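Here's the structure we're looking at; comments come further down.
The values are calculated or read from the model by the stated rules, or taken from the named source; none is laboratory data. In this text, all values refer to a predicted model and were calculated from it rather than measured experimentally. As a convention, Cβ positions derive from the backbone with ideal geometry for all residues, glycine included, and neighbour counts pool all protein chains shown.
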């Protein structure tokens, strides 16, 4: 595995890679969720490039940029072992040098859900992903369903800006109790860790209600809210039952629905979702 | 010359072009300025793609989108004759389909000059150029110095978003009396056409003053303003003496300066500039 920092080094390595090239953009501190994306990329592509960049532009002023977990040596070892071809670890001052002033924004879809509570977050995400797309020029790029809105927004941006890239969204990887794998799970103390299973439990209950015929979005949200309310350590930020493409809240569910939520467990903010699609 | 409309057709043609590929993005109604860009592209690249798209997103609500001059048959003949390989003529509904919501913005540099009087203009320009870059994937893209701020903004965007594209800015082509070639010159009545030479005359006077030692930006602006004031049909919108990279107004000129102006001649808005650079 080649490890490169500058874009020039990256381009040099990229030019000798066998195509199609798959890209897995990450913020590092890799867990099984990331590794499953890498696995899919290795399966579908002749070469795989992974980027690790904790992107300052997608963190709000009161968010956890400084304390976001990092372990580059462990990440390198994991990716090397999995058979990744190129690891790109750009520095913030290379990505956003003095005078930097270009931003990619997606409008309506970034307003609800995460957008309501993390203003500017998606501008940071779409900008850095556009930069990484142009730097790596992959044929396919792999994202996790765990960040459902992010995946939908990136699909939209890719289509709108004519990037010649296929976006592949891979299933969320979960702990045995259902907790979605996330780099932020390390913030949880033992008791909180146990409580955190409530997100998937409530999502699953709503899914089950859907499968047994419930189509009233208000009732589906209520099912999730009631289960969250039963967990003392959980403070829901939003609980949503939305159209998977537009991310607008639904009154009545037809075939497709994105059940999603953001919940504080203690001081740690977790998100999770279940996507229900007819004949996915 | 292949003429294509959809992105899929374009990509198919693109894949069989010899590289490097040069791109000349235009809004059509081609004049010698465009043709000089095409000439440069043909000289520097193995294949040349020209796009013709009157981009609704870069026109303000009170601007001349509807009456912007068009002559596709003549444009095709000119490009065919010059030896262009692919002409791409996308339709507005292909470029901005229902649900479209992604925008590329460049911040500080788009605020002065054209930005003060055409809010939203550069967002339209940078967005469509990013889309065209991704659709064509050229090695080089050619722009005219006539739109000096546009050229500077596109250079910035290309660098900031890591597009692997070299931006080539070609000299303004002028009529014998100095009027910069522009598709909008057809709007000018005979008397206005004569008056329009005042833009280049005033820019040239400021340049001459610079060359004979004048370094006070206020005085350089004054020289241009005085000459414009002597032309009854000319109504200046702005007269600028700015840093060529940041586009901020200067007090004192060192080595590099962009002299530029926007002037109404009757109801027609014209822009022009002279770029002075040390050892360009």
- Query: Taking region A:140-164 as the search range and keeping residues that are buried (at least 18 other Cβ atoms within 10 Å of the Cβ) and under 16 Å from residue B:161 (Cβ atoms), which one is farthest from the other protein chains (Cβ to nearest Cβ)?
  - Reply: A:141
- Can you confirm whether region A:91-109 contains a residue that is touching a helix residue (DSSP H, G or I) at 6+ places or on another chain (Cβ under 7 Å), within 22 Å of residue A:171 (Cα to Cα) and at pLDDT 95 or above? yes
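Select, from A:10, A:37, A:18, A:23, the only residue that is farther than 17 Å from residue A:128 by Cα and either within 14 Å of another protein chain (Cβ to nearest Cβ) or in contact (Cβ under 8 Å) with a residue 40 or more places away in the chain (or both).
On the way: A:10 fails: farther than 17 Å from residue A:128 by Cα; A:18 fails: either within 14 Å of another protein chain (Cβ to nearest Cβ) or in contact (Cβ under 8 Å) with a residue 40 or more places away in the chain (or both); A:23 fails: farther than 17 Å from residue A:128 by Cα.
Going through A:10, A:37, A:18, A:23 in turn, just one is farther than 17 Å from residue A:128 by Cα and either within 14 Å of another protein chain (Cβ to nearest Cβ) or in contact (Cβ under 8 Å) with a residue 40 or more places away in the chain (or both): A:37.
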- Query: Does region B:126-137 contain at least one residue that is within 16 Å of the chain's Cα centre (by Cα), on the phi > 0 side of the Ramachandran plot, outside the structural domain of residue B:258 (by TED's automatic domain parsing) and at pLDDT 95 or above?
  - Reply: no
- Item | Which numbered condition residue A:71 misses (of (1) in contact with a strand residue (DSSP E or B) (Cβ under 9 Å, 6 or more places away or on another chain); (2) surrounded by fewer than 16 Cβ atoms within 10 Å (Cβ to Cβ); (3) closer than 26 Å to residue A:268 by Cβ) | (1)
- Note on the structure: Sole miss for residue A:60 among (1) under 27 Å from residue A:149 (Cβ atoms); (2) out of contact with any strand residue (DSSP E or B) (no Cβ under 8 Å at 6 or more places or on another chain); (3) away from chain B (no Cβ under 14 Å); (4) part of a helix (DSSP H, G or I) is condition (4)
- Message: Can you say whether residue A:109 is free of Cβ contacts under 8 Å to residues at least 60 places away in the same chain and within 24 Å of residue B:157 (Cα to Cα), as far as the supplied structure shows?
- Response: no
- Confirm whether residue A:264 is touching a residue at least 12 places away in the same chain (Cβ under 8 Å) and either closer than 25 Å to residue A:67 by Cβ or surrounded by 15 or more Cβ atoms within 10 Å (Cβ to Cβ) (or both). yes
- Note on the structure: Going through region A:165-186 in order, the residues found to be within 14 Å of chain B (Cβ to nearest Cβ) and in contact with a helix residue (DSSP H, G or I) (Cβ under 7 Å, 6 or more places away or on another chain) are A:165, A:167
- Which fully enclosed helices (runs of 4 or more DSSP H) of region B:83-139 have 2 or more residues being facing chain A (nearest Cβ under 7 Å) and buried (at least 21 other Cβ atoms within 10 Å of the Cβ)? B:121-136
- Name the one entry in A:186, A:198, A:173 that is in contact (Cβ under 8 Å) with a residue 40 or more places away in the chain and more than 18 Å from the chain's Cα centre (by Cα). A:198
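Any residue that is under 18 Å from the mean Cα position of the chain (by Cα) and surrounded by 14 or more Cβ atoms within 10 Å (Cβ to Cβ) - is there at least one of those in region A:245-256? Give the derivation first.
Restricting attention to region A:245-256, the residues satisfying the condition of being under 18 Å from the mean Cα position of the chain (by Cα) are A:245-247.
Okay, now just the ones that are also surrounded by 14 or more Cβ atoms within 10 Å (Cβ to Cβ), so A:246-247.
Yes, because at least one residue in region A:245-256 is under 18 Å from the mean Cα position of the chain (by Cα) and surrounded by 14 or more Cβ atoms within 10 Å (Cβ to Cβ).
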- Would you point out which residue out of B:47, B:51 is away from chain A (no Cβ under 14 Å), touching a strand residue (DSSP E or B) at 6+ places or on another chain (Cβ under 6 Å) and within 28 Å of residue B:22 (Cβ to Cβ)? B:47
